Amino acid sequence: MDLAAELTSLLGPDAMRTGDAIGPYLTDSTEMQGLVGRADAVVAPADVDAVRNVVAWCYERGVPIVPRGGGTGFSGGAVPVDGGLVLSLERLDRVLSFEPELWRMQVEAGVRTATIHRTARGSGLLFPPDPGAGEQSMIGGNIACNAGGPHSFKYGVTGAWVTGIEAVVAEGRLIRVGGPLRKDVAGYDLRSLLVGSEGTLGVVVGAWLRLLPAPAAAIPVAAAYADEQAGVAALERVYAFGLVPATLEYLDEGAVDATRGAFPGGLPEEARFLVVAEADGTIEGASALAAELAEAFADGAVMVRTMQSPAEVAALWRWRGGVTFGVEAQMGGKMSEDIAVPFDRLGEAIAMAREVGRAHGVRACSWGHAGDGNLHATFMIDRASPDQITSAAEAASDLFARTLELGGTVSGEHGLGWVKRGQFDVQFGPAEAALQRSIKALFDPKGLFNPGKKIPPAPAS
Ligand SMILES: Cc1cc2nc3c(=O)[nH]c(=O)nc-3n(C[C@H](O)[C@H](O)[C@H](O)COP(=O)(O)OP(=O)(O)OC[C@H]3O[C@@H](n4cnc5c(N)ncnc54)[C@H](O)[C@@H]3O)c2cc1C
């Protein structure tokens, strides 16, 4: 029997993706960099038992497994670069339990991020992690990447909201770590190991999520500056004044220029740097914090605007969600990184990203989650120009080296996946790298879960 026939008899015809239906499973958000994989088979099992069966089947035959959520990742993690079986979690899309009075939800891995937000909201609750592309990305993918987003400044990243995970690991074994409990220090923290493991340790099939009563009010305050120094100083004053907004975002000059026309209510012509914070809490608390933020932002600003009405707030976040697309539209393509540095090095990192672009002859800009020191340093390119793609890739290499010099990391939220695997042995010293490789070998002795991603083969010594 051939591979497809064996899988069909194992999983049923509804689980098989064949012909033209395979195309969308061969790329993720790195498609623009030309990354397109090839799969020996693409399957979408209907339930956890079917995931166990297919993993056991792959483990017996030595077939690589590429777990896949919504395919929105920015690091090529879900791309089957070297064949194998793409295992899509899209049919595990059930909310298994939602107990609003206990602030918790149990979901399967294929539930979309936006569905979790809407379900929680409907009962006055909040699931804070908010990576973009929420209608496409899935909770399993968010867990596998430990995804962040604007609101992680106050609330933390995905892992902070996951109290338990069910995963299918080597040989098709189902493990459960944690559960609907908020504290658990009985064993090693395997839950945290699976969070951010990018499909290299096993397949997440379900999770228990912690929720929070939603704040009654959320009031964004935006401020514009004529120069970067004034903008960075304003960000630093938020820390210095001890203010804790839910989000603390920034856009540098290139990112402002790319999105200026769409900013709700317009921007003054002199605006070259933008800061956006959101005060949330009770109606009184959020109003008081918004006033304090406006005061902290005032020095040197050419605009400070507090947004009150639901329409204004929605328009602001719609605009923020479109920043990545506005930047991409400048040249038709972009290579966007997600470096992070200690907060006190943010100003240097913003300037450095631009200098690196200049040195390599590519237009550069950055924006991102300022409060977390997390920059989307971006090289704008014509995606049809191989020269520009090469220059941007060289610029990215330099960017990573200089980020490490600033005490930062090459990835604050997207993971290394395939495109940044070469940075693993640059960022980690031999002792840390060896420990991480031992963990991978322990979970995945045959090296079949997402091979080559995140942790590349050890360099020859
Ligand atoms: C417009 C846009 C904005 C974005 N904004 C943000 C942002 O603000 N913050 C942020 O952190 N990210 C952001 N991202 C990146 C991306 O949305 C997140 O990384 C998201 O969490 C990926 O989820 P996914 O379901 O699409 O995963 P995929 O792309 O399908 O997979 C990502 C990785 O997870 C693995 N994986 C997926 N599902 C599973 C599973 N069930 N078990 C084991 N491994 C699995 C894959 O093998 C791959 O390595 C953005 C992307 C886009 C397109």
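The values are calculated or read from the model by the stated rules, or taken from the named source; none is laboratory data. Everything numeric here is computed off the predicted structure, so don't read it as measured data. Note that we place each Cβ from the backbone using ideal geometry, even for glycine, and neighbour counts take in every protein chain shown.
If you go through region 132-174 and pick out every residue that is in a helix (DSSP H, G or I), of a type in the set (D, E, K, R) and more than 19 Å from residue 48 (Cα to Cα), you end up with 1. For region 359-376, indicate whether the set of residues that are buried (at least 18 other Cβ atoms within 10 Å of the Cβ), of a type in the set (Gly, Ala, Ser), in a helix (DSSP H, G or I) and under 20 Å from the mean Cα position of the chain (by Cα) is non-empty. There is at least one residue in region 359-376 that is buried (at least 18 other Cβ atoms within 10 Å of the Cβ), of a type in the set (Gly, Ala, Ser), in a helix (DSSP H, G or I) and under 20 Å from the mean Cα position of the chain (by Cα). Might you let me know whether region 240-260 holds any residue that is without any contact (Cβ under 8 Å) to a residue 60 or more places away in the chain and either within 16 Å of the ligand (Cβ to nearest atom) or in a strand (DSSP E or B) (or both)? There is no residue in region 240-260 that is without any contact (Cβ under 8 Å) to a residue 60 or more places away in the chain and either within 16 Å of the ligand (Cβ to nearest atom) or in a strand (DSSP E or B) (or both). Reported count of residues in region 421-461, each being out of contact with any strand residue (DSSP E or B) (no Cβ under 9 Å at 6 or more places or on another chain), within 16 Å of the ligand (Cβ to nearest atom) and of a type in the set (D, E, K, R), is 2.
Summed over region 367-412, residues that are among the β-branched types (Val, Ile, Thr) and at pLDDT below 95 total 3.
Look at region 95-107: where a residue is among the aromatic types (Phe, Trp, Tyr) and a partner is surrounded by 15 or more Cβ atoms within 10 Å (Cβ to Cβ) and in a strand (DSSP E or B), sitting 6+ places away or on another chain with Cβ atoms under 6 Å, you get 98/105. Look at region 136-148: where a residue is of a type in the set (Ser, Thr, Tyr) and a partner is in a helix (DSSP H, G or I) and more than 6 Å from the ligand (Cβ to nearest atom), sitting 6+ places away or on another chain with Cβ atoms under 6 Å, you get 137/113.
With respect to residue 198, is the statement that it is near the ligand (Cβ under 8 Å from one of its atoms) and either acidic (Asp, Glu) or surrounded by fewer than 18 Cβ atoms within 10 Å (Cβ to Cβ) (or both) true? Yes, satisfied. Mind checking whether some residue in region 62-84 is among the β-branched types (Val, Ile, Thr), more than 12 Å from the ligand (Cβ to nearest atom) and surrounded by fewer than 19 Cβ atoms within 10 Å (Cβ to Cβ)? Within region 62-84 (the criterion being among the β-branched types (Val, Ile, Thr), more than 12 Å from the ligand (Cβ to nearest atom) and surrounded by fewer than 19 Cβ atoms within 10 Å (Cβ to Cβ)), the answer is no, since none of the residues qualifies.
Checking each residue in region 330-349 for being among the basic types (Lys, Arg) and crowded, with 24+ Cβ neighbours inside 10 Å picks out only 334.
Please tell me if residue 291 is free of Cβ contacts under 8 Å to residues at least 40 places away in the same chain, more than 27 Å from residue 104 (Cα to Cα) and touching a strand residue (DSSP E or B) at 6+ places or on another chain (Cβ under 9 Å).
Criteria met by residue 291.
Consider region 3-50 and keep the residues that are over 26 Å from residue 107 (Cα atoms) and acidic (Asp, Glu). The one that is farthest from the chain's Cα centre (by Cα) is 6.
Exactly one residue out of 307, 352 is at negative phi, free of Cβ contacts under 8 Å to residues at least 60 places away in the same chain and surrounded by 18 or more Cβ atoms within 10 Å (Cβ to Cβ), and it is 352. Contact map, region 374-393: first residue within 30 Å of residue 151 (Cα to Cα), second residue part of a strand (DSSP E or B) and acidic (Asp, Glu), Cβ cut-off under 9 Å, separation 6 or more or different chains; pairs are 374/338; 375/338; 376/338; 377/338.
The one condition from (1) out of contact with any strand residue (DSSP E or B) (no Cβ under 8 Å at 6 or more places or on another chain); (2) crowded, with 20+ Cβ neighbours inside 10 Å that residue 412 does not meet is (1). Within region 275-324, the set of residues being within 27 Å of residue 132 (Cβ to Cβ) and assigned to a loop (DSSP other than H, G, I, E, B) comprises 307, 308, 309, 322.
Quick one: is residue 459 of a type outside the set (Lys, Arg), in contact with a helix residue (DSSP H, G or I) (Cβ under 9 Å, 6 or more places away or on another chain), modelled with pLDDT under 95 and more than 25 Å from residue 247 (Cβ to Cβ)?
yes
With respect to (1) closer than 24 Å to residue 48 by Cα; (2) within 17 Å of the chain's Cα centre (by Cα); (3) of a type outside the set (Phe, Trp, Tyr); (4) more than 12 Å from the ligand (Cβ to nearest atom), the lone exception for residue 190 is condition (2). If the condition is being assigned to a helix (DSSP H, G or I) and in contact with a helix residue (DSSP H, G or I) (Cβ under 7 Å, 6 or more places away or on another chain), then region 33-76 contributes 33, 50, 52, 53, 54, 55, 56, 57, 59.
Name the residue that is nearest to residue 71 (Cα to Cα), counting only residues in region 378-435 that are of a type in the set (Ser, Thr, Tyr) and not in a helix (DSSP H, G or I).
Once the filter is applied, the top-ranked residue is 411.
Is it the case, given these coordinates, that residue 47 is under 22 Å from residue 146 (Cα atoms), within 15 Å of the ligand (Cβ to nearest atom), free of Cβ contacts under 8 Å to residues at least 60 places away in the same chain and not basic (Lys, Arg)?
So residue 47 does not fit the description; no.
Here residue 130 meets the list (1) free of Cβ contacts under 8 Å to residues at least 24 places away in the same chain; (2) within 14 Å of the ligand (Cβ to nearest atom); (3) charged (D, E, K, R); (4) surrounded by fewer than 15 Cβ atoms within 10 Å (Cβ to Cβ) almost entirely, failing just condition (4).
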